[in-house]
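Read the structure below first, then the notes.
Here, each number is a calculation from the coordinates, and none is a lab measurement. Every value quoted in this text rests on a predicted model; they were computed, and no experiment measured them. Ideal geometry is used to build each Cβ from the backbone, glycine not excepted, and the neighbour counts take in all protein chains shown.
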Amino acid sequence: MPRSPRAPSPLATVPLIGAALLSLAGCSADMSGYPSLAPRPVEKLGFEEPAAPPPAPVAPDPALDARLATIATARSAAARDFDAAAERAATRASAARGAAAGSERWLDAQTAIAELDSLRSAHADSLNQLEELAAARAQALQPDYPALEQALDAARAAAAAQTQRIDTLAASLPSG
């Protein structure tokens, strides 16, 4: 039987059949030497931040505690002086409520409020000392010191209350 000019020769198909058989054999071969495409355990973890370790206990610092006690004493005295002067200023401000700006009662109230501002700065000095201590600890990469943080919070709250009290008294007077 004559061969058609387009038909491949029987010898030309042998390499194709061999390649097909080899590729099929590769599919059934043991693949233990290759990595698995299954997800690894680390890939199954979520993207949440891990829990932070508990903070280490802060060692007592007797020198800092003594410094905090000194500052607390000064801050307490400044707050006591401010409160006494604030009572006087409130009395003078209430007396000046109906008075005209520039009158004697108005000037007395303004003077009392200016005294409050001066006393507030004495308290602010104590607050600044506490903030400097906290900044020095942070710069030295030391952990927060609980007693210092409590003193800072109390001093900041007292400073804000003093400022509010001065502003309230000043707002109660006629502007001049």
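Can you compute the label reach from residue 100? Point 7 Å from Cα along the Cβ direction, backbone N cut-off under 15 Å, restricted to region 157-176.
174-176
Zone of residue 154 (label point 7 Å along Cα→Cβ, backbone N under 19 Å): which residues in region 49-91?
Counting backbone N atoms under 19 Å from the label point, the list is 60-84.
Set the Förster distance to 35 Å, then compute FRET efficiency between residue 167 and residue 69 from the Cβ-Cβ distance, nearest 0.05.
E between residue 167 and residue 69, to the nearest 0.05, is 0.65.
Please give the residues of region 47-85, grouped as numeric ranges, whose backbone N is less than 15 Å from a label point set 7 Å along the Cα-to-Cβ vector of residue 147.
Only 58-74 pass the distance filter.
Mind computing the radius of gyration and Dmax over the alpha-carbon atoms of region 116-176? Å is fine for both.
My reading of the Cα-based Rg and Dmax gives 15.2, 51 Å.
Using the crude model of +1 on Lys and Arg Cβ and -1 on Asp and Glu Cβ, and no other charge, please compute the dipole size for region 112-176 relative to its Cα centre, in debye to 20.
100
At 0.36 nm per residue, minus the direct Cα-Cα distance, what do residue 107 and residue 48 gain on full extension? Give it in nm, one decimal, please.
Stretched out fully, the residue 107 to residue 48 stretch lengthens by 14.9 nm.
Please work out the FRET efficiency for the pair residue 77 and residue 140, using the Cβ-Cβ distance as r and a Förster radius of 25 Å; give the result to the nearest 0.05.
It comes out at approximately 0.25.
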